[in-house]
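The values are calculated or read from the model by the stated rules, or taken from the named source; none is laboratory data. All values derive from a computational prediction rather than experimental measurement. Counting neighbours? That spans all protein chains shown, and the Cβs are built from the backbone with ideal geometry, glycine included. The protein model used for the area step is the full one, side chains on, heavy atoms only, and it has no ligands, DNA or RNA in it. Shrake-Rupley method; radii C 1.70, N 1.55, O 1.52, S 1.80 Å.
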Amino acid sequence: MPASKVWVTGLTVGAIAAVSALAVQADKGPHPTAAKARPSASAPGGASPAPTKSAGPVAVPDGSGTGRRVVYSLGEKRVWLVDASDAARRTFAVWPGTVSPDTGTYTVSSRNMATTGSDGVQIENILYFAAKSGISIAFSNAVDGSSPPPAGGKQTGGVRMRAADGASLWTFGETGTKVVVIK
(Lines give C-alpha, C1' and ligand atoms only; values in the text may rest on other atoms or scores of the structure.)
Protein backbone atom coordinates (compact mmCIF):
# COMPACT_ATOMS: atom_id res chain seq x y z
CA MET A 1 0.00 0.00 0.00
CA PRO A 2 1.42 3.45 -0.89
CA ALA A 3 2.50 5.66 2.02
CA SER A 4 -0.20 8.26 1.26
CA LYS A 5 -2.98 5.65 1.62
CA VAL A 6 -1.49 4.41 4.91
CA TRP A 7 -1.37 8.00 6.16
CA VAL A 8 -5.01 8.68 5.17
CA THR A 9 -6.11 5.36 6.69
CA GLY A 10 -4.28 6.24 9.91
CA LEU A 11 -5.99 9.64 10.06
CA THR A 12 -9.39 8.06 9.46
CA VAL A 13 -8.88 5.46 12.19
CA GLY A 14 -7.64 8.17 14.57
CA ALA A 15 -10.65 10.37 13.86
CA ILE A 16 -13.09 7.49 14.40
CA ALA A 17 -11.37 6.63 17.70
CA ALA A 18 -11.51 10.25 18.87
CA VAL A 19 -15.22 10.61 18.01
CA SER A 20 -15.98 7.28 19.72
CA ALA A 21 -14.10 8.35 22.86
CA LEU A 22 -15.97 11.67 22.96
CA ALA A 23 -19.30 9.91 22.49
CA VAL A 24 -18.59 7.54 25.39
CA GLN A 25 -17.40 10.44 27.57
CA ALA A 26 -20.50 12.50 26.74
CA ASP A 27 -22.75 9.58 27.64
CA LYS A 28 -21.32 9.22 31.18
CA GLY A 29 -22.76 10.92 34.20
CA PRO A 30 -25.66 13.29 34.73
CA HIS A 31 -26.22 16.14 32.34
CA PRO A 32 -27.41 19.50 33.62
CA THR A 33 -30.64 20.40 31.93
CA ALA A 34 -33.07 23.20 32.37
CA ALA A 35 -35.81 20.69 33.21
CA LYS A 36 -33.76 19.13 36.02
CA ALA A 37 -32.42 22.35 37.44
CA ARG A 38 -35.55 24.46 37.31
CA PRO A 39 -37.26 24.98 40.61
CA SER A 40 -40.82 23.77 40.80
CA ALA A 41 -43.80 25.56 42.25
CA SER A 42 -43.55 23.29 45.25
CA ALA A 43 -39.78 23.60 45.60
CA PRO A 44 -38.57 23.77 49.18
CA GLY A 45 -37.23 27.03 50.49
CA GLY A 46 -39.72 29.15 48.58
CA ALA A 47 -37.90 28.86 45.24
CA SER A 48 -39.68 30.48 42.34
CA PRO A 49 -41.34 28.33 39.71
CA ALA A 50 -39.77 28.27 36.26
CA PRO A 51 -40.87 31.05 33.97
CA THR A 52 -43.45 30.10 31.42
CA LYS A 53 -43.72 31.33 27.89
CA SER A 54 -46.36 33.96 27.33
CA ALA A 55 -49.49 32.94 25.42
CA GLY A 56 -49.37 36.24 23.55
CA PRO A 57 -47.80 39.65 23.64
CA VAL A 58 -47.71 41.27 27.05
CA ALA A 59 -48.15 45.04 27.01
CA VAL A 60 -45.34 47.30 28.21
CA PRO A 61 -46.25 48.31 31.78
CA ASP A 62 -47.66 51.79 32.34
CA GLY A 63 -45.32 54.08 34.23
CA SER A 64 -42.19 52.38 32.87
CA GLY A 65 -40.88 55.46 31.08
CA THR A 66 -40.57 56.26 27.43
CA GLY A 67 -38.11 55.63 24.65
CA ARG A 68 -35.72 52.75 24.04
CA ARG A 69 -35.25 50.80 27.29
CA VAL A 70 -35.22 47.51 29.15
CA VAL A 71 -38.09 47.24 31.62
CA TYR A 72 -37.73 44.79 34.53
CA SER A 73 -40.79 44.09 36.68
CA LEU A 74 -39.86 42.72 40.10
CA GLY A 75 -43.42 41.57 40.84
CA GLU A 76 -44.07 39.93 37.47
CA LYS A 77 -40.52 38.55 37.17
CA ARG A 78 -40.56 39.71 33.54
CA VAL A 79 -38.41 41.80 31.21
CA TRP A 80 -39.50 43.84 28.18
CA LEU A 81 -37.17 45.09 25.44
CA VAL A 82 -38.84 48.33 24.35
CA ASP A 83 -37.91 50.19 21.17
CA ALA A 84 -37.80 53.97 20.62
CA SER A 85 -41.49 54.01 19.60
CA ASP A 86 -42.44 52.47 22.99
CA ALA A 87 -43.38 49.11 21.43
CA ALA A 88 -42.26 45.87 23.06
CA ARG A 89 -39.85 44.08 20.72
CA ARG A 90 -39.65 41.08 23.05
CA THR A 91 -40.81 40.10 26.52
CA PHE A 92 -39.87 37.12 28.65
CA ALA A 93 -40.01 35.76 32.18
CA VAL A 94 -36.89 35.69 34.37
CA TRP A 95 -35.58 34.00 37.51
CA PRO A 96 -34.37 36.67 39.97
CA GLY A 97 -31.49 36.15 42.40
CA THR A 98 -31.77 36.72 46.15
CA VAL A 99 -30.87 40.44 45.92
CA SER A 100 -33.17 42.65 43.86
CA PRO A 101 -32.47 46.20 42.73
CA ASP A 102 -34.54 49.05 44.09
CA THR A 103 -37.17 50.43 41.72
CA GLY A 104 -35.84 53.24 39.57
CA THR A 105 -33.94 54.02 36.40
CA TYR A 106 -30.45 52.65 35.73
CA THR A 107 -28.21 52.17 32.71
CA VAL A 108 -26.26 49.15 31.52
CA SER A 109 -22.89 50.01 33.05
CA SER A 110 -20.85 47.14 31.64
CA ARG A 111 -21.14 43.89 29.73
CA ASN A 112 -19.29 40.60 29.92
CA MET A 113 -19.68 37.81 27.36
CA ALA A 114 -19.06 34.99 29.85
CA THR A 115 -17.91 34.24 33.37
CA THR A 116 -18.76 32.10 36.38
CA GLY A 117 -21.68 33.36 38.46
CA SER A 118 -21.44 33.77 42.22
CA ASP A 119 -23.39 30.50 42.47
CA GLY A 120 -20.68 28.62 40.52
CA VAL A 121 -22.74 28.32 37.31
CA GLN A 122 -21.15 29.24 33.97
CA ILE A 123 -23.09 32.24 32.62
CA GLU A 124 -23.07 34.34 29.46
CA ASN A 125 -24.58 37.53 28.02
CA ILE A 126 -24.07 39.43 31.29
CA LEU A 127 -25.36 43.01 31.48
CA TYR A 128 -24.57 44.81 34.75
CA PHE A 129 -26.95 47.61 35.64
CA ALA A 130 -27.18 48.06 39.42
CA ALA A 131 -25.64 47.27 42.79
CA LYS A 132 -27.20 46.86 46.21
CA SER A 133 -25.48 46.14 49.52
CA GLY A 134 -22.22 45.52 47.67
CA ILE A 135 -23.82 42.94 45.34
CA SER A 136 -23.66 43.55 41.57
CA ILE A 137 -26.99 43.03 39.84
CA ALA A 138 -26.96 41.82 36.25
CA PHE A 139 -29.03 40.04 33.64
CA SER A 140 -27.54 36.76 32.37
CA ASN A 141 -28.31 33.25 31.21
CA ALA A 142 -26.70 29.97 32.23
CA VAL A 143 -24.56 28.42 29.49
CA ASP A 144 -26.04 24.97 30.22
CA GLY A 145 -29.61 26.30 30.08
CA SER A 146 -30.26 25.60 33.75
CA SER A 147 -32.16 27.86 36.09
CA PRO A 148 -30.97 26.85 39.53
CA PRO A 149 -32.73 28.12 42.61
CA PRO A 150 -30.65 30.71 44.47
CA ALA A 151 -27.85 29.08 46.43
CA GLY A 152 -28.84 28.55 50.05
CA GLY A 153 -27.54 31.38 52.23
CA LYS A 154 -25.75 33.16 49.35
CA GLN A 155 -26.62 36.61 48.16
CA THR A 156 -26.84 36.62 44.39
CA GLY A 157 -27.75 39.49 42.09
CA GLY A 158 -28.12 37.52 38.89
CA VAL A 159 -31.40 37.86 37.01
CA ARG A 160 -31.40 34.68 34.89
CA MET A 161 -33.30 33.93 31.73
CA ARG A 162 -33.46 31.36 28.95
CA ALA A 163 -30.52 31.35 26.52
CA ALA A 164 -32.50 32.74 23.55
CA ASP A 165 -33.76 35.60 25.73
CA GLY A 166 -30.22 36.25 26.99
CA ALA A 167 -28.96 36.47 23.41
CA SER A 168 -31.72 38.95 22.52
CA LEU A 169 -31.00 41.07 25.58
CA TRP A 170 -27.26 41.03 24.80
CA THR A 171 -27.95 42.38 21.30
CA PHE A 172 -30.44 44.99 22.56
CA GLY A 173 -28.69 46.12 25.76
CA GLU A 174 -25.56 47.98 24.78
CA THR A 175 -23.57 49.86 27.43
CA GLY A 176 -25.59 52.96 28.32
CA THR A 177 -28.99 51.42 27.53
CA LYS A 178 -31.65 52.56 30.00
CA VAL A 179 -33.00 49.92 32.43
CA VAL A 180 -36.23 50.76 34.28
CA VAL A 181 -37.00 48.62 37.33
CA ILE A 182 -40.64 48.65 38.45
CA LYS A 183 -42.60 46.86 41.17
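Summary of values
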item: The range 114-183: C-alpha gyration tensor shape, a/c 1.5 cut-off, then a/b vs b/c; result: oblate
item: Sum of side-chain charges, residue 65 neighbourhood, beta-carbon under 11 Å (Lys, Arg +1; Asp, Glu -1); result: +1
item: Positive-pole candidate from 70, 141, 96, dipole of the range 66-150, charges at beta carbon; result: 70
item: The range 58-183: C-alpha gyration tensor shape, a/c 1.5 cut-off, then a/b vs b/c; result: prolate
item: Built amide H within the under 5 Å cut-off of residue 95, gap 5+; result: 160, 161
item: Under 5 Å, built H, 5+ apart or other chain: amide partners of residue 179; result: 70, 106, 107, 108
item: Other-chain or far-sequence residues with amide H under 5 Å of residue 130's (modelled H); result: 137
item: Solvent-accessible area per residue for the range 64-163 (1.4 angstrom probe, square angstrom); result: 43
item: Area of residue 77 that stays accessible when all protein chains are in place (1.4 Å probe, Å², to 10); result: 70
